[in-house]
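The next block holds one structure in the form of structure tokens; read it before the comments.
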Amino acid sequence: MVTAGTYRGQNFLDSHEKLNMVRGQLFSLADEFDWRLQAWAIMGNHYHFVALSPTDPSSLKTVIQRLHSISARKINEMDGIKGRKIWQQYWDSHINFERSYFARLNYVHNNPVHHGLVKVAHQYDWCSATWFELNAKRSFVNTIKSFKTDRLNVKDDF
């Protein structure tokens, strides 16, 4: 699981165009480096994603560095600003317990609700909730939705 925040928590991803661009870059880089996205949520000042790693997970740092570099340049270009710092840092954690994995999937799918952006996650276009509900078996969706997230230690004070 990866979490990244913008510089000083600023709402740099303040338009559909910017959110779409970051999502597109994440999808493209995940595909290029064989990271299989399982859940994602991209908000104005941070994002989370859960992915299954390739055999050699050492490419994660490159994926994040390229995502941040490309998206920062494009955001600054959209805003007509040069050289402004967009991303602060990121945190990643290796999930090796099934229950922890399931809870984090639920957490990420519902992160826009947690931050008060929508009442139900599938109303938010920049998270995986709708994709998950349309592509996973109903029994698995119900299993994931049943996992509590209140005890998770996820940096999310944005």
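Miscellaneous remarks
- Relative packing of peptides 43-55, 110-122 - highest average C-beta neighbours within 10 Å first: 43-55, 110-122
- Residues whose placed amide H lies under 5 Å from that of residue 39, excluding near-sequence neighbours: 50
- Helix-derived mean residue ellipticity, 222 nm - over the chain, DSSP H n ≥ 4, -39500 (n - 2.57), to 500: -13000 deg cm²/dmol
- Using alpha-carbon coordinates, inclination of helix 98-109 to the longest axis of the chain, degrees: 50 degrees
- Region 124-138 - phi-based ³J(HN,Hα) in whole Hz, Karplus 6.51/-1.76/1.60, Gly and Pro as x: 9, 6, 10, 9, 8, 4, 5, 4, 4, 5, 7, 10, 8, 5, 3
- Cα centroid separation, region 92-132 to region 1-33 (Å): 15 Å
- In the chain, the longest principal axis of the Cα atoms and the axis of helix 16-32 are about 70 degrees apart.
- Shown in residue order for region 59-72 are the 3J(HN,Hα) couplings computed by the Karplus curve 6.51 cos²θ - 1.76 cosθ + 1.60 at θ = phi - 60°: 6, 4, 4, 5, 4, 5, 4, 5, 4, 5, 5, 5, 5, 4 Hz (x for Gly and Pro).
- Under 15 Å, Cα to Cα: Lys pairs in the chain, sequence gap 8 or more or different chains: 4
Each value in this text was obtained by applying a stated rule to the coordinates, not by laboratory testing. Bear in mind the structure is a predicted one, so any value in this text is a computation, not a measurement. Every residue, glycine among them, receives a Cβ derived from its backbone with ideal geometry; neighbour counts consider all protein chains shown.
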